[in-house]
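> Please see the structure below; I have some questions.
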Amino acid sequence: MDDCITIGPGKELANLPKSVDAKYGTTGPGEVKWVLGMLLGRNRSARTIATSQEVPIDSTLARFNLLGPTTVTTPLAPGSHFSVAYCPTSQDEIEEIATRPSRELVGALTWLTLGTRPDVVFATSSLARFRHNPGRAHWEAAKLVLRYLKGTKNRRLQLGGKSPGIATFTDADWGSNSDDRRSIGAYIVKIGDRAVS
């Protein structure tokens, strides 16, 4: 076993580390600081937990050689629409895009959306639709999402609070997909003041 996290009332968990240590030999009992590349911060008095992925964002920037580019303030350029029209059709275009790690970048962005970055879910899922045949426009848009993450990597997703309350908002864009005229729907679920989905 590599990592083990236990959550529950303190009284019930008091003997667990001793019994696990006796059987497997463990180190580092205490509060969780890191899990699956996410930094966890806990404020007991405010009853909140904050998570961030600053380190995975930095390693993704390094992996795709994007440490130097400037940051942007939105994950996608305003008015961005993706279409199969941007997918390569000629052999030269297909060979050119094959030299770029488009699928790997979209996969890395997808991983980041699952942890602490609901603000890039729409952009990432829009790009993921074209993973089988990404074009130059898709590659440039994926790099733009990563540049946005670079500028916002210190943001944290904070959960909890005294009275967290749940709110859900939804919207749809009727027939906006230029390929098949399907509508695009979206929703946001907030716990307290923070978007979680």
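The values are calculated or read from the model by the stated rules, or taken from the named source; none is laboratory data. The shown structure was predicted, so the numbers you read here are calculated from the model rather than taken from an experiment. A quick note on method: Cβ atoms are made from the backbone with ideal geometry, for glycine too, and the neighbour counts reach across all protein chains shown.
> In segment 160-197, what residues are under 25 Å from Ile57 (Cα atoms) and at pLDDT 80 or above?
Tyr187, Ile188, Val189, Lys190
> Which residue, of Ala128, Ala186, is touching a helix residue (DSSP H, G or I) at 6+ places or on another chain (Cβ under 8 Å) and under 30 Å from Asn65 (Cβ atoms)? Talk me through it step by step, then tell me what you get.
Numbers: Ala186 fails: under 30 Å from Asn65 (Cβ atoms).
Just one listed residue meets the conditions, Ala128.
So that you can scan it fast, the table gives a plain yes or no per residue for (1) buried (at least 16 other Cβ atoms within 10 Å of the Cβ); (2) farther than 30 Å from Trp34 by Cβ; (3) at pLDDT 90 or above:
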{"position": "Ser83", "(1), (2), (3)": "no, yes, no"}
{"position": "Glu96", "(1), (2), (3)": "no, yes, no"}
{"position": "Thr99", "(1), (2), (3)": "no, yes, no"}
{"position": "Ala108", "(1), (2), (3)": "yes, no, yes"}
{"position": "Gly115", "(1), (2), (3)": "yes, no, no"}
{"position": "Ala128", "(1), (2), (3)": "yes, no, yes"}
{"position": "Pro134", "(1), (2), (3)": "yes, yes, no"}
{"position": "Ala141", "(1), (2), (3)": "yes, yes, yes"}
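> Name the residue, out of Glu54, Glu31, that is acidic (Asp, Glu) and either over 14 Å from the mean Cα position of the chain (by Cα) or exposed (fewer than 13 other Cβ atoms within 10 Å of the Cβ) (or both). I'd like the intermediate steps shown before the answer.
On the way: Glu54 fails: either over 14 Å from the mean Cα position of the chain (by Cα) or exposed (fewer than 13 other Cβ atoms within 10 Å of the Cβ) (or both).
Exactly one of Glu54, Glu31 is acidic (Asp, Glu) and either over 14 Å from the mean Cα position of the chain (by Cα) or exposed (fewer than 13 other Cβ atoms within 10 Å of the Cβ) (or both), namely Glu31.
> Looking at Phe130, is it assigned to a loop (DSSP other than H, G, I, E, B) and either in contact with a Cys (Cβ under 7 Å, 6 or more places away or on another chain) or closer than 16 Å to Leu76 by Cβ (or both)?
Numbers: assigned to a loop (DSSP other than H, G, I, E, B): yes; either in contact with a Cys (Cβ under 7 Å, 6 or more places away or on another chain) or closer than 16 Å to Leu76 by Cβ (or both): yes.
Spelling it out, Phe130 is indeed assigned to a loop (DSSP other than H, G, I, E, B) and either in contact with a Cys (Cβ under 7 Å, 6 or more places away or on another chain) or closer than 16 Å to Leu76 by Cβ (or both).
> Select the helices (runs of 4 or more DSSP H) contained entirely in segment 16-98, then report the ones holding at least 2 residues which are in contact (Cβ under 8 Å) with a residue 60 or more places away in the chain. Full working, then the answer.
Details: elements: 16-24, 54-63, 91-98.
Result: 54-63.
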